[in-house]
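The values are calculated or read from the model by the stated rules, or taken from the named source; none is laboratory data. As the structure is a prediction and not an experimental result, all values here were calculated from the model. Note that we place each Cβ from the backbone using ideal geometry, even for glycine, and neighbour counts take in every protein chain shown. With ligands, DNA and RNA removed, areas are computed over all heavy atoms of the protein, side chains included. Shrake-Rupley method; radii C 1.70, N 1.55, O 1.52, S 1.80 Å.
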Amino acid sequence: MASRIRRLLFAALLVASAVGVLVAIHFDRARKLTTQQTFVAPSAMVVAPAPSVERVVQLRGHILNANGDAINGAHVRVTSAEHVVAEVATDAAGQFSFDRLANGSVRVEADHDPEGAVRSAEISISNVATDLVLVLVPASVHGVVVDGESGHPIAGASLSMDGVPFLAPGTTSDASGEFRFAVVPFEATAIVGVASGYRTARVPLAPRENLSEPALRIVLRAAPPIDGDVVDQDGKPLHAQIVACEGQPFEVHVESSDDGAFQLPPSAVGCDAFATHADMAPSDAAQIVEGRHTTLRLGAAGSIAGFAIDERGRSIDSFSVGIESFVPARGLTPPRGGASDFKDGSFRLERLVPGTYVLTAATSGRPPARSSSIVVRSGAVTDNVKIVIAQGGAVEGHVFDDHHAPIADAELHFDLVSSVIGSDAIATTNASGYYRLEAAPAGLFTVSARKEGYRVKLVSGMTVSAGQTITKDLTLAKGSGFELSGIGANLSQVGNGIGFAGVLPGDPADGVGLHPGDRILRIDGEEIAGLSVEDAIQRLRGEPGTVVGITVERGGETLDVAITRATLVH
């Protein structure tokens, strides 16, 4: 019996020993996994820390300059097989992070002017967080552009980078033909030189990690222009606009003559070109080949048909319809015409360029109303479009001077209601300064009050439901000019979007660094694609002291700013 007990105890010890060995092996493997391993890539140190508790794929780190200082606003991207899969900008501490990347091998690249660029070694992405510290080193390229026959320098040549899968800034040659790129991303495969009257030249770039600044000689050789013509679907020649090399630094814009003939510079060779016309669909893109005549055939226009009703679904007998905003399917935005008048509740707009439209309809005594987005296709009719011209709300109150005395005979109306149809609502104050302004539009609106001898007062950021009334008292100040609350900038149509035409010195927009030419992408986080200039202005106006967030695009970079509205007197 005692010997049997000893045998059982011995067996138990063997099992415990085996378990201990397995635990030790598992612990040793876990220890190896959680031990940070450091390796140095060209100009980069990569550290792999312990597995993340959350099963969220994440890559994060810091971008530094050669002195070890954090770089704010560096462009950081994750690439896989030379394709950019994600990109961000570093914050003030030089930090960046990427979440939910697909498992696999990637590289992290970063650049910032003038510090340079950096590319990491390959990193294996898994469900383990990876920390990086990348140090920027110079990655510039310089050179000279010369004539292939005389060898003389060419001033004003456009230089760009080929092979970069994101928008990268270009440069131009100076009076001595010289140029320099302060930062050339590692994806760049060549420098492209373009000048009027010359063929496009491409000079390959060798791998630049750990290399000094390459010096390139770009030789441009003269070439004849490319001839072409524009015709409609029936082969009839037309006067139209032609765009070649769209989106590239050397984008070309020309017009065909009345017989449809046009010429493109030699720099367009190898690019695609297409024609646009205000009453037709853009042509298909055609590649420009040296020595080959190019014919661009415009497509058929589209149409919109629909009807206008009131809030009860009843047909509106007489009304006007116009194009409030338009985003073309391709090419430049054609000029918009005015509103057209219709009767018996239905309307039809012909000869429309394909794209996405928003219409505005209006009838007497009611505020203008918007349609939803309408897609128009080449040669097709988009029908059964319904626009509801509903009863508006009302604004009432009193108008006083700065001593709180009532002002009689002041006129009030709604400002910038639409880009195509104005509001016919108007009110005049009585002897006690009282007014009531009917037919307030849906959404944000502005009330304008004016009286001779006083500044025009614009009060924005108001809303009222249909059939309801809100109260707003206004105070007018003696003098000339106008007074409103906003950010102090002028907007205009910029290509297919809306941008800043001017920024008033000392006003809030100027204070946060907005520039003329900045294109607006979002207002308070909402995309503005399809909005009219007037709609965008209403969103930027508002009560003084309130904040509006704006996202703009400038030179290929995206900037977010927060602006506190202020009372502006001009």
A correct Kirkwood calculation over the Cα atoms of the chain returns a hydrodynamic radius in Å of 29.2
For Asp473, placing the label point 7 angstrom along Cα-to-beta-carbon and taking segment 407-426, residues whose amide nitrogen sits under 12 Å are 407
Rounded to the nearest 10, the angle in degrees between the Cα long axis of helix 2-34 and the longest principal axis of the Cα atoms of the chain comes to 50
Cα-based Rg of segment 346-420 normalised by 2.2 N^0.38 Å, two decimals | 1.69
Carbon and sulfur %, accessible surface of segment 450-570 computed with the full protein complex present, 1.4 Å | 48
Whole-Hz Karplus couplings 3J(HN,Hα) for segment 264-275, θ = phi - 60° and coefficients 6.51, -1.76, 1.60, Gly and Pro as x, run 10, x, x, 5, 7, 4, x, 8, 8, 10, 8, 10
Heavy-atom surface of segment 333-382, accessible at 1.4 Å and reported per residue (Å²) | 50
Gain on full stretching of the segment that runs from Val456 to Val381 - 0.36 nm per residue minus C-alpha separation | 22.5 nm
Could you please state how large a percent of the accessible area of segment 273-353 is carbon and sulfur, counting protein chains only and using a 1.4 Å probe?
-> 47
In Å, the Kirkwood hydrodynamic radius of segment 394-450 over pairs of distinct alpha carbons?
-> 11.8
Net charge of Cβ neighbours under 14 Å - reference Thr429; Lys, Arg +1; Asp, Glu -1 | -1
Per residue, what accessible area does segment 101-163 have, given a 1.4 Å probe and all protein chains present, in Å²?
-> 38
With each run of n ≥ 4 DSSP H residues scored as -39500 (n - 2.57), what mean residue ellipticity at 222 nm is computed for the chain after dividing by its residue count and rounding to the nearest 500 deg cm²/dmol?
-> -2500 deg cm²/dmol
Most to least accessible of Tyr434, Tyr454 (protein chains only, probe 1.4 Å) = Tyr434, Tyr454
Accessible solvent surface per residue of segment 233-294, calculated while the other protein chains remain in place, 1.4 angstrom probe, Å² | 48
Once amide hydrogens are built 1.01 Å from N within the peptide plane, the residues lying 5 or more places from Phe98 or on another chain with amide H under 5 Å from its amide H are Leu59, Arg60
From the P(r) of segment 198-327, can you give the percent of Cα pairs sitting at distances over 19 Å?
-> 63
Unit Cα scatterers, Debye sum, segment 425-533: log10 I(q)/I(0) for q = 0.11, 0.12, 0.13 Å⁻¹ = -0.49, -0.58, -0.67
FRET efficiency (Ser465, Glu527; Cβ distance; R0 35 Å; to 0.05) is 0.90
Additional length obtainable on full extension of the chain from Arg348 to Val85, 0.36 nm per residue less Cα span | 90.2 nm
Where in segment 419-460 does the label zone of His403 land, with the point 7 angstrom along Cα→C-beta and an amide N cut-off under 17 Å?
-> 432-433, 453-455
With each label point set 7 Å from Cα along the Cα-Cβ vector, what nm distance links Ala431 and Ser196?
-> 7.0
Relative packing of peptides 168-179, 109-120 - highest average C-beta neighbours within 10 Å first = 109-120, 168-179
Eligible lysines near Lys343 by straight Cα distance, threshold 20 Å, same-chain separation 8 or greater = Lys386
